[in-house]
Amino acid sequence: MRAYVSGGTGFVGSNIVKVFAERHGAAVHCPVHRFVPADEGSFTTERLDLLDRDAVLASVAAFGPDVIVHSMILNDFAAMYNDRDLAWRSFVGTTETLAQAADAAGAKLILVSTDWVFDGTQAGADEDTPPNPVNYYGVLKMASEQAALRSAPRAAVARVSAVSGMHWMRQSTPRVQDGGFGYFVTSIVDALEAGRPFGVWEADNINMVASPSLASECAEVMWRIAADFDAGGVFHCCGAESAGRMELARLACEVFDLDPALLSVTAPDTAAAGAVGEFPIPYDTSLTVRRTTELLGYEPPGIRELLIRFRQQRNTGDLLAA
Ligand SMILES: NC(=O)c1ccc[n+]([C@@H]2O[C@H](COP(=O)([O-])OP(=O)(O)OC[C@H]3O[C@@H](n4cnc5c(N)ncnc54)[C@H](OP(=O)(O)O)[C@@H]3O)[C@@H](O)[C@H]2O)c1
């Protein structure tokens, strides 16, 4: 399998690269942008701006992939809202370009997407539930999903949610709570390990409930989508259960042997990253995985199991067997 992975130096992307290349032996090529990994190891890179359509088409054609996994994003809400043209080109435009590239190469396109395509009142949304995004990020991801599904001859959307796990390419990653669940468990573990208290946010205008996932496990589901020639359409790459912020925080304490007495409930820090209050955030984005289980024969792990695997990865610095 030859896999072309955009955003491969990002959090989710670094897990896709590692799972595809190291666990499954795929030949992986990553266009890299500002950050250049020190040690490429099991994959190849080239400097490329995904907004440069002609360069991307040439790059994909030169590599000749069986699958393109598109996990690159402009991960900056302020930039998204301040320059909507740039945001549209970064999300929808790059997806259209990679759909065209996939068509030319005879490859499958897998677009990494999000539970934030739902509005926060659609708890238990499955792969067929119509999206109804409440912020511009959700709109961009929904439009990208449609672009992928309508433009690429063989396309899949892999929605990930409340992602925990290792970033395999960068030492320095966000370590603060925000209005979503990204890096939530990591920030709790970092604080409690250092003996610092952690205020778990509670508010009506943040993402309070979601279906936690482990980035490497999301990547494993993407591998199954890639390996099954006919697998297309929408998939949910998340764990089997949903949880509120405090429930997840307490479970993390149990699994990581940390003191739950250091946890408390607090209002969001509006000055913190994530800019709570500046744009709408969906409240309950819990997902179900009916179609994903049926089509891939995949049984998603529960939250405890995902946290156990995260702890093992953190302790060993290595990916575990699937
Ligand atoms: N993290 C989560 O909790 C979460 C939750 C739901 C869905 N997702 C989805 O997962 C995917 C990845 O998110 P992430 O959190 O892993 O993002 P991330 O860590 O911010 O990574 C983004 C990647 O995109 C690259 N990139 C940005 N602009 C580029 C450009 N113009 N050309 C080429 N590469 C460019 C970045 O490289 P540079 O840094 O070098 O620019 C980086 O490698 C997204 O589709 C997101 O919607 C993530």
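Neighbours of residue 94 by Cβ distance under 14 Å: Lys/Arg scored +1, Asp/Glu scored -1, total -3. In terms of the Cα gyration tensor, with a ≥ b ≥ c the square roots of its eigenvalues, is the range 1-144 rounded because a/c is under 1.5, prolate because a/b exceeds b/c, or oblate? Prolate shape, in that a/c is at least 1.5 and a/b is the bigger ratio.
Against the longest principal axis of the chain, how steep is helix 184-193, in degrees 0 to 90 to the nearest 10, with axes from Cα atoms? Approximately 50 degrees, to the nearest ten. Once both labels are positioned 7 Å from their Cα atoms along Cα-to-Cβ, the gap between residue 52 and residue 34 label points is 1.7 nm. Per residue, the average separation of C-alpha pairs within less than 8 Å and at least 6 apart gives the range 41-193 a relative contact order of 21 percent. For the range 1-65, a/c is not less than 1.5, where a ≥ b ≥ c are the root eigenvalues of the C-alpha gyration tensor, and a/b does not top b/c. That puts it in the oblate class.
Placing R0 at 25 angstrom, the Cβ-Cβ distance between residue 193 and residue 84 gives a FRET efficiency of 0.05 after rounding to 0.05. Just checking the listed ones, 182, 41, 302: in the Gaussian network model of the chain with Cα springs under 10 Å, the one fluctuating most is 41. When both bridge partners sit in the chain, DSSP labels roughly 5% of those beta bridges antiparallel. Under the rule of -39500 (n - 2.57) per DSSP H run of 4 or more residues, summed and divided by the residues of the chain, what mean residue ellipticity at 222 nm is obtained, to the nearest 500 deg cm²/dmol? That calculation yields -10500 deg cm²/dmol at 222 nm. Taking the longest Cα principal axis of the chain as reference, the axis of helix 136-151 is set at about 30 degrees.
Length gained on full extension, residue 175 to residue 315, computed as 0.36 nm times the residue gap minus the Cα-Cα distance: 48.6 nm.
Using a cutoff of 8 angstrom between alpha carbon atoms and counting only pairs six or more residues apart, the relative contact order for the range 131-257 works out to 30 percent. Near residue 113, the amide H atoms lying under 5 Å from its own belong to 158, 159, 160; only residues 5 or more places off or on other chains count, and H is placed 1.01 Å from N. Computed from the C-beta positions of residue 298 and residue 44 and an R0 of 25 Å, the FRET efficiency is 0.30 to the nearest 0.05.
The gain in end-to-end length when the residue 247 to residue 75 segment is fully stretched comes to 59.2 nm, 0.36 nm per residue minus the alpha carbon separation. Set against the 2.2 N^0.38 Å expectation for a compact globular protein, the chain has a Cα radius of gyration ratio of 0.94. Computed extension gain for residue 132 through residue 104, at 0.36 nm per residue and net of the alpha carbon distance, reaches 6.9 nm.
If you fit an axis through the alpha-carbon atoms of helix 245-255 and take the longest principal axis of the Cα set of the chain, what angle between them do you get, 0 to 90°, nearest 10? Long axis of 245-255 versus the principal axis of the chain: about 90 degrees. State whether the range 184-322 is rounded, prolate or oblate according to the following rule on the C-alpha gyration tensor (a ≥ b ≥ c being the square roots of its eigenvalues): a/c under 1.5 gives rounded; otherwise a/b larger than b/c gives prolate, and the remaining case gives oblate. Taking the square roots of the gyration eigenvalues as a ≥ b ≥ c, the range 184-322 is oblate.
Here, each number is a calculation from the coordinates, and none is a lab measurement. From a predicted model like this one, the values you see are computed outputs, not experimental measurements. Counting neighbours? That spans all protein chains shown, and the Cβs are built from the backbone with ideal geometry, glycine included.
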